[in-house]
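Notes to accompany the following structure.
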Amino acid sequence: MDLIERNKELMKKFETMINNADEKLAEELVDSNAPFYTPASPEPLYGGKGYLSVVHWMRKGFSDVQWHITDIVADNDKVAVKWNLSGTHDGEFMGIKPTNKKISVCVMNFYYFNEEGKVANDIAAEGMIGILRGIGEI
């Protein structure tokens with residue numbers, strides 16, 4: 001299997017990891033030194049546990065949140081993923097009380113792999129505007 005196909009397969013496992021908050025998969029797929037920047041924390045979060053803390057943060061506001069890959073483009077050391085993020089705003093999110101509105105938002109991320117084939121960096125396009133629009137805040 002070439003690197004491009006390997007990276008696509010890794011992202012399918014990554015999708016399973018985030019939707020199930022699977023710590024074992026997170027450890028397998030994410031470099032422990034990989035920094036992640038998010039509105040959930042003023043400081044970067046690191047490694048698989050750091051990445052999953054973002055998932056848990058989202059679940060506080062959207063208990064049924066799910067991410068599904070709708071498109072993927074891979075290169076030797078990076079992958080671009082178009083995600084469909086969906087869920088129901090049934091908990092407080094960023095200080096906003098639950099609206100019980102269902103959202104479906106397009107989110108884009110670029111993932112960079114290290115030599116071991118683990119995610120070493122994740123750069124996200126700003127999806128927060130879509131989430132806030134989905135729950136009627138803007």
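The values are calculated or read from the model by the stated rules, or taken from the named source; none is laboratory data. This structure is a prediction, so every number in the text was calculated from the model and none was measured. Counting neighbours? That spans all protein chains shown, and the Cβs are built from the backbone with ideal geometry, glycine included. Areas reflect the complete protein model, heavy atoms only, side chains present, ligands, DNA and RNA absent. Shrake-Rupley method; radii C 1.70, N 1.55, O 1.52, S 1.80 Å.
How many residues are in contact with a strand residue (DSSP E or B) (Cβ under 6 Å, 6 or more places away or on another chain) and either open to solvent by less than 30 Å² (accessible area, probe 1.4 Å) or free of Cβ contacts under 8 Å to residues at least 24 places away in the same chain (or both) when one looks only at the range 68-86? Explain how you work it out, then say what you get.
Quick first cut of the range 68-86, residues in contact with a strand residue (DSSP E or B) (Cβ under 6 Å, 6 or more places away or on another chain) only: 68-73, 77-86.
Within this subset, residues satisfying the condition of being either open to solvent by less than 30 Å² (accessible area, probe 1.4 Å) or free of Cβ contacts under 8 Å to residues at least 24 places away in the same chain (or both) are 71, 73, 79-81, 83-86.
Residues in the range 68-86 being in contact with a strand residue (DSSP E or B) (Cβ under 6 Å, 6 or more places away or on another chain) and either open to solvent by less than 30 Å² (accessible area, probe 1.4 Å) or free of Cβ contacts under 8 Å to residues at least 24 places away in the same chain (or both): 9 in total.
Would you confirm whether any residue within the range 48-61 is in contact (Cβ under 8 Å) with a residue 24 or more places away in the chain, assigned to a strand (DSSP E or B) and under 16 Å from Asn19 (Cβ atoms)?
No: zero hits.
Criterion first (more than 21 Å from Phe14 (Cβ to Cβ) and either touching a residue at least 12 places away in the same chain (Cβ under 8 Å) or open to solvent by less than 70 Å² (accessible area, probe 1.4 Å) (or both)) does Gly136 satisfy it?
yes
Tell me which residues, restricted to the range 25-67, are touching a helix residue (DSSP H, G or I) at 6+ places or on another chain (Cβ under 9 Å), polar (S, T, N, Q) and open to solvent by less than 70 Å² (accessible area, probe 1.4 Å).
Thr38, Ser41, Gln66
Among the residues of the range 89-114, write down those that are of a type in the set (Ser, Thr, Tyr) and open to solvent by 20 Å² or more (accessible area, probe 1.4 Å). First the steps, then the outcome.
Our first condition is that a residue be of a type in the set (Ser, Thr, Tyr); within the range 89-114, this holds for 99, 104, 111-112.
Scanning the range 89-114 gives Thr99, Ser104, Tyr112.
Restricting to the range 2-24, name every residue that is open to solvent by 30 Å² or more (accessible area, probe 1.4 Å) and farther than 17 Å from Ile72 by Cα.
The answer is Asn20, Asp22, Glu23, Lys24.
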